[in-house]
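Inspection log for the structure reproduced underneath, given as structure tokens.
The values are calculated or read from the model by the stated rules, or taken from the named source; none is laboratory data. What you see is a predicted model; the values in this text were computed from it and never measured. Please note: Cβ atoms are built from the backbone with ideal geometry, for glycine as well, and neighbour counts cover all protein chains shown. Surface areas here come from the heavy atoms of the whole protein model, side chains and all, with no ligands, DNA or RNA. Shrake-Rupley method; radii C 1.70, N 1.55, O 1.52, S 1.80 Å.
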Amino acid sequence: MPIYSRQSLRRTLGQVHIRDTFVSVTTLSVAPQPFANVVIDYAVADLRLSGQNAYAGAWIRIFGGDLRVASFNAGSGAYLSTEYGVFMGNPSIGMPYERHDVLSPTDKDRALDDSIKRLRVRREVAIDTVEGLHTYTMPDGVQDILGWYYFANPAGSLDRVRKSLASLEPVITATGVELRIDPALAASQQIVLDAIVTLTLGAADTATVNIPDERLVLYGAEAECWDLMVRKAPRGTADEYRNLRNEAARQFNLLSARFKVPVDRPLRLRDPGGQAF
């Protein structure tokens with residue numbers, strides 16, 4: 001299953017879907033200023049923007065944090081931010097940065113998180129056993145259990161025998177969901193759940209997530225971004241954003257149906273003595 005980082009998802013969302021994001025690197029390092037951060041990129045210098053207050057109010061994502069642009073020098077390509085206390089210094093030459101013109105990178109990250117939380121994938125989840133223990137805590141993210149088995153010797157290369165448990169039952173308690181198994185197993189064995197799980201993405205730009213198709217996340221996040229913009233826009237523009245939001249939601253629904261988790265629950269019968277077979 002493909003792996004995507006938070007940074008790559010956010011940049012694709014901003015550049016391809018919302019089209020308000022510019023990615024580049026700094027071209028000059030200046031001495032720290034007593035009141036501001038300065039990010040300089042000659043590639044964006046454009047004298048045609050002089051006097052237009054270009055990029056004021058945009059966000060610069062650099063050093064893993066966000067700066068709000070107070071003014072832009074069209075001749076040198078310098079973004080000036082008065083949020084000096086955020087980073088206490090200016091970036092060196094060649095440091096990557098992102099400029100977000102309409103929605104902040106934080107808004108895009110939040111939209112990505114909300115979209116990822118909607119996804120479900122089918123995976124095997126392992127639980128290491130404790131000698132004689134009948135009760136285990138439900139692993140994080142597990143939403144539904146389709147089947148289970150255990151390894152008699154999970155570390156063995158020649159005798160990694162796969163065996164069946166008589167029963168495994170999720171039970172809701174005051175402290176959360178427990179898994180109650182029968183019989184109890186020895187130490188150094190391993191229970192494996194065939195489960196449907198939710199996905200999460202870490203906060204760092206380098207955090208990754210395994211998803212079947214990045215479009216599943218991007219269209220869901222795009223719909224949420226357009227919805228944010230609908231709330232801030234005047235009526236005529238809001239109608240246009242609303243149409244874009246609806247189309248992104250439609251694409252998300254189509255992809256969700258296409259990548260829906262296949263569920264084939266095993267047939268489990270019991271003999272009169274209560275043993276599964």
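For every residue, the table says whether it meets (1) closer than 30 Å to LEU193 by Cβ; (2) touching a Lys or Arg at 6+ places or on another chain (Cβ under 8 Å).
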| position | (1), (2) |
| --- | --- |
| LEU49 | no, no |
| ALA54 | no, no |
| ALA58 | no, yes |
| PHE72 | no, no |
| GLY77 | no, no |
| MET95 | no, no |
| SER104 | no, no |
| ALA111 | no, no |
| LEU119 | yes, no |
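What are the residues in the range 183-197 that are open to solvent by 40 Å² or more (accessible area, probe 1.4 Å) and either modelled with pLDDT of 90 or more or under 30 Å from LEU119 (Cβ atoms) (or both), if any? Once the filter is applied, which keeps residues that are open to solvent by 40 Å² or more (accessible area, probe 1.4 Å) and either modelled with pLDDT of 90 or more or under 30 Å from LEU119 (Cβ atoms) (or both), the range 183-197 yields nothing.
Working only within the range 165-182, note down all residues that are in a loop (DSSP other than H, G, I, E, B) and surrounded by 12 or more Cβ atoms within 10 Å (Cβ to Cβ). Hits for the range 165-182 are LEU165, ALA166.
What do you reckon, is THR21 within 28 Å of the chain's Cα centre (by Cα) and open to solvent by less than 60 Å² (accessible area, probe 1.4 Å)? For THR21, the condition - within 28 Å of the chain's Cα centre (by Cα) and open to solvent by less than 60 Å² (accessible area, probe 1.4 Å) - is met. Select, from ALA56, ALA111, ALA78, the only residue that is surrounded by 13 or more Cβ atoms within 10 Å (Cβ to Cβ), farther than 23 Å from LEU228 by Cβ and among the aliphatic types (A, V, I, L, M). After ruling out the rest, the residue left standing is ALA78. Would you confirm whether any residue within the range 134-144 is polar (S, T, N, Q), crowded, with 16+ Cβ neighbours inside 10 Å and at pLDDT 90 or above? Within the range 134-144, none of the residues are polar (S, T, N, Q), crowded, with 16+ Cβ neighbours inside 10 Å and at pLDDT 90 or above.
Note on the range 198-210: residues that are outside any strand (DSSP E or B) and open to solvent by less than 60 Å² (accessible area, probe 1.4 Å) amount to 6.
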